[in-house]
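The values are calculated or read from the model by the stated rules, or taken from the named source; none is laboratory data. Note that the coordinates shown come from a computational prediction; the quantities given were computed from them, not determined experimentally. Ideal geometry is used to build each Cβ from the backbone, glycine not excepted, and the neighbour counts take in all protein chains shown.
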Amino acid sequence: MLRRVIAAIAIVASAALAQVPRKKLLAIGEVKGWQHDSVSHALATIERLGKESGLWDTYIRTDTELITRRKLERNARNIDFFDAILFYTTGELPMNDEQKTALMTAIRDQGKGFIGVHSATDTFYDWPEFGEMIGGYFDQHPWNTFNAPVIVEEQSHPATRHFPKDFVILDEIYQFKNWSRDKVRVLMRLDESKLDLNNKRVKRADHDFAVTWVKNYGKGRVFYSSLGHRDEVWDRPDVQKMYLEGARSAAEPGAQKRPICAQAEWFVNCSRHA
Ligand SMILES: [Zn+2]
């Protein structure tokens, strides 16, 4: 009986999924700085998660050519086609002013989602608006790759609901500059009580090392996590679920039509930011 109920639920669920048009995700793995070995596996995993869940189709690129409002030839889609843009990038990417305006307009004014993976915050130091949109910039990883003690601050968000209150993960975690928790909603941070704070590369006097956050940028939704430096991290079901729900929430349709406080379940605490 139970098996039949489960089978029936699965059929209903797959029918429901089939009726929802899949989102279009532009995933960019362009590198103009440090080359992470895990970029290919990360983007392949993102593509698989979208396919298996029926939530999105992924267009993987290693350049930013599609980030433009200009009409492109030979079946190339421009940014208007996409619901969300994901960056696993480094360095100063060769985007001209029209492309930069197109990206910011898409997120801020059109409400498209932005998903930043690991070194997405190690990107575009020369473009302050990008740092403002994503929430901050990389400022060293004082402990390199280590058994990072993580505290899940928000277990009410779909991206972190499945994690225990604290856990340890072997990964490279960043310190951030031009970052303040007043401007983002922190979902995870490092447990400062378990860190070597005498490390010479520690610069943050407040010892606040966020790992994953969400924020609003105009009408758009931004999801960022520094998890994912290592290939193996992408094979963890809990990290996969985090990126699945993070990307889903960033690309949620119609979110931009709701008043900002209605987004508080996922994004910035509206009592501080209304
Ligand atoms: Zn890294």
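Quick notes
- Selected residue [closer than 21 Å to residue 38 by Cα and outside any helix (DSSP H, G or I)] from 163, 146: 146
- Filter pass, residue 40 being hydroxyl-bearing (Ser, Thr, Tyr), outside any loop (DSSP other than H, G, I, E, B), farther than 28 Å from residue 204 by Cβ and within 16 Å of the ligand (Cβ to nearest atom): yes
- When restricted to residues that are more than 17 Å from residue 133 (Cα to Cα) and surrounded by 12 or more Cβ atoms within 10 Å (Cβ to Cβ), the stretch 204-218 contains 4.
Here's the yes/no breakdown for (1) within 16 Å of the ligand (Cβ to nearest atom); (2) of a type in the set (A, V, I, L, M); (3) not in a loop (DSSP other than H, G, I, E, B):
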site	(1), (2), (3)
199	no, no, no
204	no, no, no
207	no, no, no
211	yes, yes, yes
215	no, no, yes
222	no, yes, yes
227	yes, yes, no
234	yes, no, yes
244	no, yes, yes
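- Picking from residues in the stretch 17-34 that are assigned to a loop (DSSP other than H, G, I, E, B) and away from the ligand (no atom under 16 Å from the Cβ), the one that is modelled with the lowest pLDDT is 20.
- Condition broken by residue 105, with the remaining ones in (1) out of contact with any helix residue (DSSP H, G or I) (no Cβ under 6 Å at 6 or more places or on another chain); (2) within 16 Å of the ligand (Cβ to nearest atom) satisfied: (2)
- One residue from 155, 99, 110 being surrounded by 14 or more Cβ atoms within 10 Å (Cβ to Cβ) and either in a loop (DSSP other than H, G, I, E, B) or among the hydroxyl-bearing types (Ser, Thr, Tyr) (or both): 110
- So residue 176, is it surrounded by 14 or more Cβ atoms within 10 Å (Cβ to Cβ), within 16 Å of the ligand (Cβ to nearest atom) and under 24 Å from residue 104 (Cα atoms): yes
- Residues that are more than 23 Å from residue 117 (Cβ to Cβ) and of a type in the set (Ser, Thr, Tyr), drawn from the stretch 157-204: 193
- Residues of the stretch 116-155 satisfying the condition of being among the hydroxyl-bearing types (Ser, Thr, Tyr) and closer than 19 Å to residue 230 by Cα: 119, 121, 123, 145
- Options 139, 122; residue that is surrounded by fewer than 19 Cβ atoms within 10 Å (Cβ to Cβ), closer than 21 Å to residue 187 by Cβ, at pLDDT 95 or above and within 16 Å of the ligand (Cβ to nearest atom): 139
- Which listed residue, of 48, 69, 77, is away from the ligand (no atom under 16 Å from the Cβ), assigned to a loop (DSSP other than H, G, I, E, B), among the charged types (D, E, K, R) and in contact with a strand residue (DSSP E or B) (Cβ under 9 Å, 6 or more places away or on another chain): 77
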